[in-house]
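Asker: Can you read through this structure? Questions will come right after.
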Amino acid sequence: MATTGRTRPVRSQAVLTVQEKSWISPGIARVVLGGPGFDAYNDNTFTDKYVKIFFADPAHGLRPPYDLVALRAEQPEKLPATRTYTVRWADADTRRLAIDFIVHGDEGVAGPWAARAEAGDQLVLSGAGGAYRPDPAADWHLLAGDETVIPSATSALAAMPAEATGTVILLVDSAKYEVPLPRPDGVSLRWLYRETAAAGSDPLVAALRELAWPAGTPQVFVHGERGTVKAARRLLTDERDVPRERLSISAYWATGRAEDRFQAEKREPVGQI
């Protein structure tokens with residue numbers, strides 16, 4: 001059976017220090033973090049393990065770890081911005097972990113921080129949570145999403161047995177966001193680009209609809225933008241008859257929404273997948 005149990009992020013905060021930074025593509029920065037604070041990080045075996053990262057405004061003079069409960073009750077204007085990111089890898093022996101950040105110039109909070117990050121900078125995070133890991137007994141695998149899925153897809157491919165078969169479909173702005181994805185010989189990879197997509201189209205959903213469907217029941221992992229994920233879920237359950245227990249599907253973000261608003265909407269009807 002597929003791993004579908006969900007773990008809650010542990011509320012302890014790991015105050016980590018930037019050890020290294022590299023650009024794994026012109027649009028993706030990998031930040032390696034470590035230090036004594038690693039002991040407060042809670043790892044797991046899921047390949048989509050994620051952490052909550054807290055970005056405090058330096059003007060507020062807050063020192064980590066942050067008392068989020070007190071700030072929310074007494075000084076909500078000082079609450080750090082919270083962003084959710086997948087852990088690319090974590091190594092308990094070296095007490096380090098890596099997070100890949102998509103960088104769109106000065107857009108957002110996390111991307112610009114990663115673009116400017118230097119050795120010695122601090123980052124505060126909580127977690128990890130997670131819910132998915134490839135099932136070695138699956139007939140075949142389907143992984144699909146946008147840039148935000150690249151870290152979890154990379155980890156999932158590394159966890160698959162050598163004889164695994166399947167397809168990976170990834171939507172990115174342009175070829176500069178492509179990264180090497182080592183994978184079993186039987187797993188194909190297709191990159192889609194927004195810059196060449198027809199206006200108003202959803203190239204990821206179109207690619208899923210056009211996909212040749214092998215025999216057997218797949219284990220499916222589809223994550224990304226909320227509207228795309230909703231359409232993909234209808235396609236996979238209604239047209240492809242994928243059993244819900246074989247489907248890991250969730251929105252990581254929503255067009256036009258900062259994460260704080262997006263997370264609030266997930267508790268409202270508009271955010272239900």
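Just so it is clear, none of the values below were taken in a lab; they were calculated from the coordinates. Note that the structure is a prediction, hence the values are computed from the model and not measured. A quick note on method: Cβ atoms are made from the backbone with ideal geometry, for glycine too, and the neighbour counts reach across all protein chains shown.
Asker: Going by a ≥ b ≥ c, the root eigenvalues of the Cα gyration tensor, does the chain fall in the rounded group (a/c under 1.5), the prolate group (a/b larger than b/c) or the oblate group? Numbers along the way, then the final one.
Answerer: Numbers: a/c = 1.66, a/b = 1.53, b/c = 1.09.
Cα axes put the chain in the prolate bin.
Asker: Assign one of three labels to the stretch 1-135, namely rounded, prolate or oblate, based on the Cα gyration tensor with a ≥ b ≥ c the square roots of its eigenvalues; rounded applies when a/c is under 1.5, prolate when it is not and a/b is larger than b/c, and oblate otherwise. Mind dumping the intermediate values first?
Answerer: Numbers: a/c = 1.57, a/b = 1.18, b/c = 1.33.
Oblate, because a/c is 1.5 or more while a/b does not exceed b/c.
Asker: In sequence order, what are the phi-derived ³J(HN,Hα) couplings for the stretch 129-141 according to the Karplus relation 6.51 cos²θ - 1.76 cosθ + 1.60 with θ = phi - 60°, rounded to whole Hz, with x for glycine and proline?
Answerer: Taking θ as phi minus 60°, the curve returns x, x, 8, 10, 8, x, 8, x, 8, 5, 4, 6, 10 Hz for the stretch 129-141.
Asker: Still on this structure, please answer the following. List the relative contact order of the chain as a percent without decimals, with contacts defined as Cα pairs under 8 Å and 6+ residues apart.
Answerer: Relative CO of the chain lands at 21 percent.
Asker: Label residue 193 and residue 238 with points 7 Å out from Cα along Cα→Cβ: what is the distance between them in nm?
Answerer: Computed distance between label sites residue 193 and residue 238 equals 3.3 nm.
Asker: Taking a cut-off of 13 Å between Cα atoms, list the aspartates and glutamates near residue 21, but don't count ones fewer than 8 places away on the same chain.
Answerer: Straight-line reach from residue 21, under 13 Å: 100, 118, 121.
Asker: With n ≥ 4 as the cut-off for DSSP H runs, can you work out [θ] at 222 nm for the chain, using -39500 (n - 2.57) per run divided by the number of residues, rounded to the nearest 500?
Answerer: When only DSSP H runs of four or more count, the value is -4500 deg cm²/dmol.
Asker: Gap in Å between the Cα centre of the stretch 169-197 and the Cα centre of the stretch 23-42?
Answerer: If we compute the Cα centre of each part, the gap is 23 Å.
Asker: Now a separate question. Once you have the Cα-Cα distance between residue 69 and residue 173, take 0.36 nm times their residue separation minus that, and quote the gain in nm to one decimal.
Answerer: 33.7 nm
Asker: Considering only the chain, what is the antiparallel percent among its DSSP beta bridges, to the nearest 5?
Answerer: Of those bridges, close to 55 percent are antiparallel.
Asker: Calculate one ³J(HN,Hα) per residue across the stretch 181-197 by plugging θ = phi - 60° into the Karplus curve 6.51 cos²θ - 1.76 cosθ + 1.60, and present them in order as whole Hz with x for glycine and proline.
Answerer: 10, x, 7, x, 4, x, 10, 8, 10, 10, 9, 10, 10, 4, 5, 10, 7
Asker: At a 10 angstrom cut-off on C-beta neighbours, averaged per residue, how do the peptides 101-111, 222-232, 124-134 rank from highest to lowest? Before the final figure, lay out each step's value.
Answerer: Details: 101-111: 16.4, 222-232: 20.8, 124-134: 22.8.
The most tightly packed comes first, giving 124-134, 222-232, 101-111.
Asker: Once amide H atoms are placed 1.01 Å from N in the peptide plane, what residues at a sequence separation of 5 or more from residue 88, or on another chain, have their amide H within under 5 Å of its amide H?
Answerer: 98, 99, 100
Asker: Ordered by residue, what ³J(HN,Hα) values in Hz, to whole numbers, does the stretch 49-62 give under the Karplus form 6.51 cos²θ - 1.76 cosθ + 1.60, where θ = phi - 60° and Gly and Pro are x?
Answerer: These are the phi-based 3J(HN,Hα) values: 4, 9, 10, 9, 10, 10, 10, 8, 6, x, 5, 7, x, 7 Hz.
Asker: Roughly what would the spin-label model give for residue 116 and residue 45, points 7 Å off Cα along C-beta, in nm?
Answerer: 4.1 nm
Asker: While we're looking at this one, here's another question. Could you estimate the translational diffusion coefficient of the stretch 140-265 from the Stokes-Einstein equation, with Rh from the Kirkwood formula over C-alpha pairs, at 25 °C and 0.890 mPa s, in whole µm²/s? Let's see the in-between values first.
Answerer: Working: Rh = 15.1 Å.
Approximately 163 µm²/s, per Stokes-Einstein.
Asker: Amide H of residue 47 versus every other amide H placed in the peptide plane: which residues, excluding those fewer than 5 positions away on the same chain, fall under 5 Å?
Answerer: Here 132, 133 satisfy the definition.
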